[in-house]
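Working notes, structure below.
Here, each number is a calculation from the coordinates, and none is a lab measurement. Just so it is clear, the model here is predicted, and its values are computed rather than measured. Because the Cβ atoms are built from the backbone with ideal geometry, glycine has one as well, and the counts that use them run over all protein chains shown.
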Amino acid sequence: MTKTILITGGGRGIGAACARLAAQQGYQVCINYRSDDAAASGIVDAIEAAGGAALAIRADVAQEREVERMFAQVDARFGRLDALVNNAGVLARQMRVEQMDAARIERILATNVLGPILCAREAVRRMSTRHGGQGGAIVNVSSRAAVLGSAGEYVDYAASKAALDVLTIGLSKEVAGEGIRVNGVRPGLIHTEMHADGGEPGRVERLQSSVPLGRGGEPEEVAQAVLWLLSDAASYTTGSFIDVSGGR
Ligand code: NAP
């Protein structure tokens, strides 16, 4: 039986790299995104051109009804779900904590914390043997920011990723006896468009001398860790984290 994977924020960056690698490994790939229709449909077209199966689903993971509709679309198209990658995440313009307003912080927490919990809920309802499912695996895409703290840049974002890490720990224990493994990947400085949202497109170049391996990472290098954690090769690994950060 062909496995089905749902990747949130799969239209660009790390999520898109996960989508391409998952398709190469034989998954049927559901690619969620928030607004960039062209990017998501470009990934779907590339997967289908290579003979794979893919579906783009526009939904805001921070909206409960949209998350429910997204999972219903996965059910309708593929009839099963084996893997979830909670990858969608946002940050905001670099500033100190004393400059932040509540609207900004709520927006970060809604996408980076509420969204993954809602998606995990829907995945567990489908995967858990407790609910008649056949098991599965979840990977939460966190950040080294959860450990480093992002002082002077976006402490709110770092705090949201620390919360996501606790979701990984708690949920992994909650569903371990129900056929579901839950793990986290913490990327470091990766070349994607996300840094422009923080107001500094060249952030990786500025900071790469602080990386022991001496460079920023590529989305494909993160995807390798994500897909390994989802695979049967990681069958005894749950509640764990892989830092893909060049040693930083
Ligand atoms: P990116 O290039 O900015 O792409 C973000 C993706 O998430 C896009 O597909 C976007 O959709 C989607 N998205 C954003 N908000 C969403 C929402 N509310 N609902 C659904 N989809 C949403 O980001 P990235 O750099 O690949 O980052 C991916 C993940 O890795 C994030 O969780 C990020 O925190 C984490 N991470 C990144 C780095 C790094 O250096 N890049 C480092 C550590 C951790 P649209 O295309 O429609 O806008």
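Here are the numbers for the structure shown:
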| item | result |
| --- | --- |
| Residue 165 more than 11 Å from the ligand (Cβ to nearest atom), surrounded by fewer than 19 Cβ atoms within 10 Å (Cβ to Cβ) and either in a helix (DSSP H, G or I) or at positive phi (or both) | yes |
| Matching entry among 5, 31 (being farther than 21 Å from residue 114 by Cβ, under 13 Å from the mean Cα position of the chain (by Cα) and either part of a helix (DSSP H, G or I) or not acidic (Asp, Glu) (or both)) | 5 |
| Subset of segment 75-99 (residues that are within 14 Å of the ligand (Cβ to nearest atom), crowded, with 23+ Cβ neighbours inside 10 Å and closer than 16 Å to residue 7 by Cα) | 84, 85, 86, 87, 88, 89 |
| Subset tally (residues that are within 12 Å of the ligand (Cβ to nearest atom) and either among the hydroxyl-bearing types (Ser, Thr, Tyr) or free of Cβ contacts under 8 Å to residues at least 12 places away in the same chain (or both)) for segment 11-41 | 4 |
| All positions within segment 100-116 that are in a helix (DSSP H, G or I), more than 10 Å from the ligand (Cβ to nearest atom) and either of a type outside the set (Val, Ile, Thr) or surrounded by fewer than 17 Cβ atoms within 10 Å (Cβ to Cβ) (or both) | 102, 103, 104, 106, 109 |
| Odd one out for residue 139, checked against (1) touching a helix residue (DSSP H, G or I) at 6+ places or on another chain (Cβ under 6 Å); (2) part of a helix (DSSP H, G or I); (3) not acidic (Asp, Glu) | (2) |
| Residues of segment 42-69 classified as crowded, with 17+ Cβ neighbours inside 10 Å and closer than 21 Å to residue 223 by Cβ, total | 10 |
| Answer from 135, 217 - the residue that is away from the ligand (no atom under 15 Å from the Cβ) and either among the small types (Gly, Ala, Ser) or surrounded by 20 or more Cβ atoms within 10 Å (Cβ to Cβ) (or both) | 135 |
| Qualifying residues in segment 182-212 (those that are within 17 Å of residue 87 (Cβ to Cβ) and more than 12 Å from the ligand (Cβ to nearest atom)) - the one surrounded by the most Cβ atoms within 10 Å (Cβ to Cβ) | 182 |
| Every pair of residues 6+ apart whose Cβ atoms lie under 6 Å, when the first sits in segment 51-63 and is in a loop (DSSP other than H, G, I, E, B) while the second is of a type in the set (Ser, Thr, Tyr) | 61/8; 62/111 |
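Conditions (1) of a type outside the set (A, V, I, L, M, F, W, C); (2) over 16 Å from the mean Cα position of the chain (by Cα); (3) closer than 22 Å to residue 228 by Cβ, marked per residue:
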residue: 48; (1), (2), (3): yes, yes, no
residue: 58; (1), (2), (3): yes, no, no
residue: 68; (1), (2), (3): yes, yes, no
residue: 71; (1), (2), (3): no, no, no
residue: 88; (1), (2), (3): no, no, yes
residue: 115; (1), (2), (3): yes, no, no
residue: 121; (1), (2), (3): yes, no, no
residue: 125; (1), (2), (3): yes, yes, no
